[in-house]
Each structure stands twice: as structure tokens, then as C-alpha cells.
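Okay, structure first, notes after.
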Amino acid sequence: MAPVPDEPELRVAPSILSADFGSLAEAVATVAPVTDWLHVDVMDGHFVPNLTVGPPVVASLRAHTDLFFDTHLMITDPGRYLEAFRDAGAGGCTVHVEVGETGALVDQMRRLGLRVGLAANPDTPFEAIEPWLGRVDLVLCMTVFPGFGGQAFLAEVLDKVRRVREAADGAGLALDVEVDGGIDERTVVDAARAGANVFVAGSAVFTRPDPGAAVTRLLGAARRARAGVRT
Ligand code: DX5
Ligand code: ZN
């Protein structure tokens with residue numbers, strides 16, 4: 001049996017979807033001292049019923065921060081844009097398993113030198129992700145249906161989070177397991193206990209008076225929850 005990998009690093013990835021799009025650089029500056037990842041939500045009005053930003057905004061933000069851009073592509077044809085996101089400064093891209101052509105997209109992201117992420121909607125089963133676990137760096141379990149910030153956390157996804165973490169541990173894979181949607185100081189605890197180690201939070205960070213302090217509180221809650229699991 002493969003050795004169980006070390007405890008994965010816990011991090012909060014603030015989602016700029018809930019920030020003021022007119023002052024993104026200022027919003028990023030509020031969280032940069034307390035995290036090393038920024039979650040960038042890309043929507044095409046087709047895979048999800050909403051539109052957000054593309055490579056030009058990523059490139060503009062890149063000039064303002066060294067944070068790792070965790071770029072969540074909620075788009076139907078990500079293969080067309082991966083290179084543009086890499087060139088704009090995305091460190092990792094996450095594509096949805098529901099758009100298909102997963103093998104080709106994973107290979108393309110690797111060739112481009114991107115960190116490779118694979119996302120699954122709340123109603124997409126573990127079995128759809130399982131074949132890819134050994135080929136990706138990150139699995140994103142959506143804890144809301146993608147498209148909008150500020151939705152309620154879907155606790156039924158936690159079972160999938162648990163299965164992804166158990167399968168990764170069983171195979172000796174140091175996989176990032178990310179949750180996205182409805183993460184706050186309460187739900188972050190349940191997600192951490194289930195095995196998630198990257199917590200995307202939009203409204204629980206950028207609608208708070210002090211976004212940096214909100215990140216620190218979320219991370220503290222996640223750390224305490226993981227410590228509870230390990231003891
Ligand atoms: C939703 C996006 C999320 C969103 C989460 O489709 O993928 O990243 O920003 O927002 P909250 O944290 O407000 O649920
Ligand atoms: Zn997202």
C-alpha cells in the first residue's frame with residue numbers, strides 16, 4: 001500500500017467574485033498579507049448563466065500582486081483559452097469535468113506548465129473524478145452550483161470530499177482538495193473535517209469590513225478542525 005502523504009497545507013483562496021470589480025487591485029491588497037492564493041472565477045455565460053472576467057483582467061491583476069492565481073474556468077471550451085490564461089499569469093487552471101475532453105485538457109495544462117485542477121459540480125459523482133486523481137494536482141468539489149457568489153453551502157457534497165481525500169491518501173497522492181461555494185466560519189469546519197485543504201471564500205471575505213482578518217479567521221477555524229481530526 002502506498003504511504004499516506006503528509007498532511008496537506010491548509011489555505012484560504014479568497015474569490016474576487018465578491019470584490020469590487022472597479023477596485024480589484026485594492027481588494028487583492030487587503031488579503032495579500034495573509035494568503036498566497038487568489039481564486040479567479042471565469043464564467044462564459046454558457047457553461048454557467050453569468051459572465052465575469054478573462055485573460056486581460058488576469059494580466060492586469062498580475063502587475064499588482066505575486067499571489068498564485070487559482071483560475072477556475074467555468075467555461076464550455078477551456079482548451080481555447082488555457083494558453084492565454086497562462087500567458088496572463090495564471091499559475092493554475094481548473095477545468096470542469098462536465099465539459100468533457102478531460103484527458104486532452106489535462107495534457108494541455110501540463111504542457112503549458114500550469115498547475116492542473118479538475119472541478120466537479122455538486123451533482124457530479126465521485127466516479128467521474130476518480131479516474132483522473134493520479135493526473136491532477138487539485139480536485140475542486142463545488143459546494144454550490146457554479147455561477148454566483150453568496151449561495152448556501154451544500155452539505156451533501158461532503159461525502160464526495162471525503163471520498164476524494166480517502167482515495168488520494170490510499171494512493172499516496174499529495175492532492176489538493178478544494179471546496180468552493182458557501183464557505184464561512186461554520187462550513188469551513190465541516191469541509192476541513194471531510195478532508196478539504198483549500199477553501200475558496202468570496203462573500204465570507206470580501207463583504208466583511210476587514211477581508212484580511214476574515215481570511216485569518218477562516219484559516220484558524222480550518223486548522224482547529226483538522227487538528228481535531230488528527231488527534
Ligand atoms: C461560484 C464561484 C465561487 C464563488 C464563491 O460559482 O465558483 O468561487 O466566488 O462565492 P461564495 O464564497 O460567496 O459562495
Ligand atoms: Zn470558483
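Bear in mind that the values in this text are calculations on the coordinates, not laboratory data. Treat the numbers as computed from the prediction; the structure is a model and nothing was measured. Here the Cβ is made from the backbone with ideal geometry for all residues, glycine too, and neighbour counts use every protein chain on show.
Couple of notes before you dig in:
- Residue within the range 75-82 that is within 13 Å of ligand 2 (Cβ to nearest atom), within 15 Å of ALA196 (Cα to Cα) and crowded, with 16+ Cβ neighbours inside 10 Å present: no
- Pairs where the first residue, in the range 31-60, is acidic (Asp, Glu) and the second is within 15 Å of ligand 2 (Cβ to nearest atom) and part of a loop (DSSP other than H, G, I, E, B), C-beta under 6 Å, 6+ apart: ASP41/THR52; ASP44/ILE75
- Among the candidates ALA119, ALA128, residue that is in contact with a Ser or Thr (Cβ under 6 Å, 6 or more places away or on another chain) and closer than 21 Å to ALA174 by Cα: ALA119
- Selection count where residues are surrounded by fewer than 24 Cβ atoms within 10 Å (Cβ to Cβ) and either aliphatic (A, V, I, L, M) or outside any loop (DSSP other than H, G, I, E, B) (or both), scope the range 204-231: 17
- Filter pass, GLY92 being crowded, with 19+ Cβ neighbours inside 10 Å, within 16 Å of ligand 2 (Cβ to nearest atom) and under 16 Å from the mean Cα position of the chain (by Cα): yes
- Members of the range 163-203 that are away from ligand 2 (no atom under 16 Å from the Cβ), among the charged types (D, E, K, R) and closer than 20 Å to THR94 by Cα: ARG163, ARG165
- Checking THR65, THR71, THR52, THR76 one by one, the residue that is touching a Cys at 6+ places or on another chain (Cβ under 8 Å) and farther than 18 Å from ARG135 by Cβ is THR71 and no other.
- Of residues in the range 82-100 being away from ligand 1 (no atom under 16 Å from the Cβ) and out of contact with any Asp or Glu (no Cβ under 9 Å at 6 or more places or on another chain), the one farthest from PHE21 (Cα to Cα): GLY100
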